[in-house]
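Here is the structure we will look at, set down as structure tokens.
The values are calculated or read from the model by the stated rules, or taken from the named source; none is laboratory data. All figures in this text were calculated on a predicted structure; none of them were measured in a lab. Neighbour counts run over all protein chains shown; Cβ positions are idealised from the backbone, glycine included. Quick note on the areas: whole protein, heavy atoms, side chains included, nothing else; ligands and nucleic acids left out. Shrake-Rupley method; radii C 1.70, N 1.55, O 1.52, S 1.80 Å.
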Amino acid sequence: MDSLPPSPGDIARLVQPGRVHRAAYIDPAIFDLEMRLIFGRAWLYLCHESQVAEPGSFFTTVMGREPVIVSRDRGGALHVLFNRCTHRGAKLATDETGTAKRFVCCYHGWAFELDGKLAEVPLPEGYGGMPGADGSLDLVRVPRVATYRGFIFASRAKEGPSLSDWLGPIASSFDDMVDRAPGGVLEVAGGVSRHAYDGNWKLVIENHNDTLHPRFVHASSVAAARDQSDAVHSDGAGEVQIKQMRQNGAPAHVWEALGIWTTEWGHSFMGDYHTDARMAARGEEDPVEREYREALEKTHGAERAREIMGVTRFNSIVYPNLSFMSRFRQLRVVQPVSVNRTVVVTYTFRMPLAPERMFRDSIAFANVVNGAGSLVLTDDLETYARVQDGLASQGGDWVDVQRGLGGDQDEANGMLRGQTGTSEIHLRAQFAAWQRWMTP
Ligand code: FES
Ligand code: FE
């Protein structure tokens with residue numbers, strides 16, 4: 001590849017109207033800069049409050065390449081701490097989640113409270129008494145932590161836009177997810193699914209609102225699902241999966257009409273393409289759906305419940321590390337590993353006050369869209385690897401993102417809407433944010 005040293009001037013040249021230089025995907029020096037300037041400064045989604053609900057509970061994750069601990073102390077306060085012992089640097093907590101009285105380092109036994117305070121040092125007389133009484137050996141805190149409706153974010157930058165300013169109108173996707181839960185109660189449940197692919201982290205964040213690809217990338221699973229007889233009944237999971245696979249084969253006019261919206265800072269969401277057309281046409285309501293609607297009406301009243309159920313939103317992307325499906329209660333966290341390797345961790349949410357059958361359906365849905373053995377997800381992962389391979393070749397320097405360029409429409413609420421549902425407006429919004437972060 002023609003080498004483009006990542007100075008701010010060069011970075012500015014990588015993003016042009018309707019195209020992006022392939023260096024953004026394949027240059028390890030640019031990846032290092034992204035980890036510093038984007039993942040080192042932007043708000044990153046860490047976890048949901050239900051994952052650290054109890055005093056003494058903790059959750060470990062990464063912010064870019066930095067390991068961190070989210071903990072809830074005995075008084076109930078939330079903390080986000082770098083997962084690094086202040087003695088000689090060992091990572092402290094290695095379980096993904098759990099409860100602890102203290103974090104005790106595996107190397108020389110230094111012990112820290114859940115709020116990061118150094119509590120105990122074995123054989124303190126070697127220091128002439130307990131070291132770090134002034135707090136200088138406490139765990140280092142991630143500078144900014146904030147939550148929105150139970151979703152926990154943190155930023156490694158001391159300064160920057162507040163979480164609510166940065167989320168802007170994409171906050172409404174979290175509202176959609178929480179408001180859909182009777183009583184407003186949501187919890188992560190059903191375990192975690194994790195997969196990795198051989199490609200740059202941006203590929204998955206770009207793909208989730210790419211409404212042009214399903215007919216092609218997922219053609220084989222669409223065909224298999226169409227071949228499947230409706231008369232074959234499983235415990236319910238099979239029907240959920242077949243329905244989703246068939247819907248990926250929606251005709252072009254459905255995708256074109258969907259709608260895709262972007263916000264400042266690169267966030268976006270797309271309309272929903274799922275229909276329960278056959279039942280609706282017969283004027284029928286599924287019994288589980290009815291029970292759910294009634295539970296929702298208890299929380300919100302009939303009119304508001306109807307409004308909430310009428311929201312048609314599928315994937316929402318919170319740039320750079322989160323993608324979620326508010327209606328289907330699926331959430332995916334993107335963890336860049338290197339310029340051409342990415343891990344995606346996926347969670348399903350349960351609505352404890354909704355019919356239990358809905359949670360089973362959510363798990364079935366998760367297995368078809370997010371599970372590593374899914375017939376759908378595997379197509380996407382193969383595609384990311386092919387893109388990464390192609391971009392590393394000498395066959396051209398530019399990635400084309402001009403679909404719908406010039407047709408973006410201003411919406412009253414500070415969002416832009418793509419000319420059609422298959423516009424690449426979300427890619428342009430992501431790269432505008434990318435350029436803003438990368439050229440401080
Ligand atoms: Fe943690 Fe020594 S490195 S106690
Ligand atoms: Fe896909």
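Quick notes on this structure:
- Carbon/sulfur fraction of accessible area - the chain, other protein chains in place, 1.4 Å, %: 51
- Rounded to the nearest 20, the Cβ-based charge dipole of the range 174-292 about its Cα centre (Lys and Arg +1, Asp and Glu -1) stands at 440 debye.
- Accessible area of S234 in the full protein assembly, 1.4 Å probe (Å², nearest 10): 60
- Within the range 61-130, the GluC sites (Glu not before Pro) that combine a DSSP coil assignment with at most 14 other C-beta atoms in a 10 angstrom radius are E96.
- Percentage relative contact order, the range 353-440, counting C-alpha pairs under 8 Å, at least six apart: 14
- Spin-label model distance (nm) - T99 vs R386, 7 Å beyond Cα toward Cβ: 4.9
- Overall form of the range 355-422 per C-alpha gyration tensor (a/c, 1.5; a/b vs b/c): oblate
- C47 long-range amide H proximity, modeled H, under 5 Å: I152
- For V68, the residues whose modelled amide H falls within less than 5 Å of its own, excluding neighbours fewer than 5 places apart on the same chain, are T61, V62, M63, N83.
- Label point of L123 set 7 angstrom out along Cα-Cβ; within the range 78-102, amide nitrogens under 19 Å from it belong to 86-90.
- In the calculated pair-distance distribution of the chain, the portion above 26 angstrom amounts to 60 percent of the Cα-Cα pairs.
- Distances between placed amide hydrogens fall under 5 Å for E120 paired with A111, all partners being 5 or more residues away or on another chain.
- Exposed-site-free run, longest, the chain (rule: trypsin sites (Lys or Arg not before Pro); DSSP loop; at most 10 other C-beta within 10 Å): 283-440
- The range 219-373 - percent relative contact order, Cα under 8 Å, separation 6 or more: 21
- When each of K243/K298; K158/K298; K117/K202 is checked by Cα-Cα distance, pairs over 32 Å: K158/K298; K117/K202
- Rolling a 1.4 Å probe over the protein heavy atoms gives the chain an accessible area of 44 Å² per residue.
- Label positions at R226 and Q16, each projected 7 Å from the Cα along the C-beta direction, are separated by 4.0 nm.
- Relative contact order of the chain, pairs being alpha-carbon contacts under 8 Å that are 6 or more residues apart, as %: 22
- Spacing of the two label points (7 Å from each Cα toward its C-beta) at E239 and E356, in nm: 1.8
- Over the residues of the chain, the helix contribution to mean residue ellipticity at 222 nm works out to -9000 deg cm²/dmol, using -39500 (n - 2.57) for each DSSP H run of at least 4.
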